[in-house]
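Nothing in this text is a laboratory measurement; each read-out follows from the coordinates by a stated rule. These numbers come from a predicted model, not from an experiment. Note that each Cβ is placed from the backbone with ideal geometry, even for glycine, and that neighbours are counted across all protein chains shown.
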Amino acid sequence: MCSPQYKGQANLHTFEDWCGSSTAQLRMNLHYPLYPHSRTTVKKLAVSPRWMNYGLRIFGYLHPYTDGEFVFAVSSDDNSEFWLSRDNSPLNLQLLAWIGKVGSESVCQFGPKMAPVTVTIVLSVQRRYFFEIVHKQNDRGTDHIEVAWQLNQEGLRFTVISSKYISLYSNESALRMSDIIHVPQTAASHTRSPSNQPDNQLSNQPAADMLRVDPRDILYQNSRFLQGVLPDCSYKPSYIIKGFPLLRYQGLQFVHMSYIYPNDYTRLTHMETDNNCFYHDSPLYLDRYGFSRYMRLDEPEGQEGESRGRGMDRLVEGVDRGGGGERKGEEVGVSESLWGLEGDSEEVEGLSYDSTPRPVFDPEVNWAQTFQVTPLDLQAMRSDWIDLRCNVSGNLMLRSRDALPVVKAFMDKLNHRHHGRFTLVRVLNVERRVDGAQGSRYFLELELRDVNGQHLRLSHYIYALIRHRLSRPRGLPPLRPAPEMLLCNPVGFHWNPTATVHFIVPVKNQARWVQQLIVDMEGLYKTTGDPNFNLIITDYNSTDMDIETTLKASTLYQYLKLSGNFERSAGLQAGIDLITNEHSIVFLCDLHIHFPPSIIDSVRKHCVEGHMAFAPIVMRLDCGATPREPRGYWEVNGFGLLGIYKSDLDAAGGMNTHDFTDRWGGEDWELLDRILQSGLEVERIYMRNFLHHYHSKRGMWNRRTQRSGT
């Protein structure tokens, strides 16, 4: 019935570093249920790892000790479920008991409070029954999960199910983490918890503004008709620092942001309750007074001239606003008299308790109070310098009055060239890189309709040069030169829509993430149909997965096996050396990335050979966050995700494998220094839906686990 070596234990799969306290949140984990962090066994159905932020999946066979009607109960700190099959098949599971969202149950206490739902089931001693336990633990409380049973007879007590009555579903001791065929996928693996939990998926409102449908996410369509539309001009922006001596990591000061039109919703408004750095006030001020500085209370009729300075200004007297919001006139501070608190609240010395207490007055509430507000454009107050202080602000917004005249001028030139053939349907995207001395570079993405009704998409760089016309009318003093915008085609500054993009990822013993990367890349290929991209994995002798065999079954790949300790710089350089075409694009990548479908074309559009590299800003997801519910922050400091033509990377010297060996951190800034010194500019844009999955460094690369002394 069951092999002896299988007896006395059950399969235990752990999913570490995942926040939340419900099994529904566990099921949102990218790797659940096939790719756990670890696979082991447990000898009884009572587990307490003494850890935090994890999920457990325990499964195997249950062997009843007698025939009869049984009832089951669970106890756990947070959410847990116990499922049991009617037989030995994982397909016939039913939920018998669970602990809901309330949690905080005491260890080994069972009953109606501890297990609010119990179902009786008839079991036979001659049979075995597949069972599954799902448990989610947060970062608080005493972590534990126990399952107990009893015959449904008066006077009997619940007892924890011990090793005598369980056996393995599968012996996983000789399997690699990439071996998943044996892992059961059941109703417990994919259904929601039965407890009453809100389901954000049912709402039509996206969890973040960034998830709104945006035409920028549409894939590039080949464009024509651009030759000869604008006159040629040389592209020599004043901010290029070729040959300029830099101190190490100083290049960060020479990277500027581009302005975007229309709104791409990369501002993380849903995270501003945690970080309100977008506003130019000190956090202390905002926590205490909110947005009162932007409001002014209306005075009652007939009192407008009597109490100047009253209202909201009185409420915020004496508060240091951190330099961002000084108001002219009197200092602002909190007036205690507003609340009737002028005296000391302690009992006056010498008075007995029988003394009549001082009267206390509740403040009057004016429900009809109105106020005035002055519109404030906080976007206009931002500069194109990299803001390392604020990680929720998103892309700089380009005003319509700055974007649309350029679009109109370009369309006039285009239709003049092609005799009115095109009609502008909509402006998909405009990106402006400001150069105060020479002019501005624009990247236009326009949806057009030709005379035959066919829709086209143009994606094109143009240059708006600043020219000053001198006018000296006879008999009048010289006039100040008036700036004039001249649209032209920057010679050599154009993107290649067919350039091959090589994603290079160094790895070591990260099987579940490697598998996810391969699946994501195959998904990109199926979505785009684009054959001109490639995945290069440099593997530092991984033992938890046969990466090469897995890659052979996928569409596009290159594989290089390395030895020794994990070295990110050396791993990336080894991948770069595999590329033979210097006119292809290298994208230095990370293993834990979620890619939007537009990633390949976005990299192509923002890499210009001999002129520009691309360092998109990735959003780091918080613990427990997912691409569907992206809570997190923009990684404004990192430049490790970088697209650049191989010829340009070679000219800059490639990766620094001498100074950055078996450590990482800083190699991206050092490479940025050399790229800027080689004469390139680096485009820096917050990329929609470009996400870094949360993970800890436990068990990664060169880290070892410290054994417990207990």
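At a glance:
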{"quantity": "Lysine pairs within the range 4-195, Cα separation less than 21 Å, 8 or more sequence positions apart or different chains", "calculated": "10"}
{"quantity": "From phi via Karplus (6.51, -1.76, 1.60), per-residue ³J(HN,Hα) for the range 206-217 in Hz, x at Gly/Pro", "calculated": "x, 5, 9, 4, 4, 7, 4, 5, 9, x, 5, 7"}
{"quantity": "Chymotrypsin sites (Phe, Trp or Tyr not before Pro) within the range 16-92: DSSP coil, no more than 14 neighbouring Cβ in 10 Å", "calculated": "Trp51, Tyr65"}
{"quantity": "The range 577-628: trypsin sites (Lys or Arg not before Pro) falling in loop per DSSP and having at most 13 other Cβ within 10 Å", "calculated": "Arg628"}
{"quantity": "Other-chain or far-sequence residues with amide H under 5 Å of Thr626's (modelled H)", "calculated": "Arg631"}
{"quantity": "In order through the range 434-447: 3J(HN,Hα) via Karplus (6.51 cos²θ - 1.76 cosθ + 1.60), integer Hz, x for Gly, Pro", "calculated": "7, 10, x, 8, 9, x, 10, 9, 10, 10, 9, 10, 10, 9"}
{"quantity": "Hz values of 3J(HN,Hα) by residue in the range 409-421 - Karplus curve (6.51, -1.76, 1.60), Gly and Pro given as x", "calculated": "4, 5, 5, 4, 5, 5, 6, 5, 5, 10, 6, x, 6"}
{"quantity": "Calculated FRET value between Ser170 and Asp217, using beta carbons and R₀ = 56 Å, to 0.05", "calculated": "0.85"}
{"quantity": "Under-5 Å amide H pairs with Phe130, H placed in peptide plane, nonlocal only", "calculated": "Leu62, Ser85, Asp87, Asn88, Ser89"}
{"quantity": "Cut-off 13 Å, label 7 Å out along Cα→Cβ of Leu226, residues of the range 487-503 by amide N", "calculated": "489-499"}
{"quantity": "Additional length obtainable on full extension of the chain from Arg389 to Asp377, 0.36 nm per residue less Cα span", "calculated": "2.4 nm"}
{"quantity": "Burial ordering of Ile386, Ile579, fewest other beta-carbon atoms within 10 Å first", "calculated": "Ile386, Ile579"}
{"quantity": "For the range 4-195, projected area of the alpha-carbon convex hull averaged over all directions, nm²", "calculated": "9.9"}
{"quantity": "Nearest-0.05 FRET efficiency for Gln185 and Ser696, computed from C-beta distance (R0 25 Å)", "calculated": "0.45"}
{"quantity": "Distance between modelled label sites at Glu69 and Glu154, nm, 7 Å Cα→Cβ extension", "calculated": "1.4"}
{"quantity": "Calculated FRET efficiency for the pair Asp590/Ala553, C-beta based, R₀ 22 Å, to 0.05", "calculated": "0.40"}
{"quantity": "At most 14 other Cβ within 10 Å, DSSP loop - GluC sites (Glu not before Pro), the range 578-671", "calculated": "Glu582"}
{"quantity": "Gained length - Glu299 relative to Asp362, 0.36 nm times residue gap less alpha-carbon distance", "calculated": "20.5 nm"}
{"quantity": "Relative contact order (percent, whole number), the range 4-195, Cα cutoff 8 Å, 6+ residue spacing", "calculated": "33"}
{"quantity": "Spin-label proximity, Val122 to the range 70-91 - amide N less than 13 Å from point 7 Å beyond Cα toward beta carbon", "calculated": "70"}
{"quantity": "Under-5 Å amide H pairs with Asn429, H placed in peptide plane, nonlocal only", "calculated": "Glu445"}
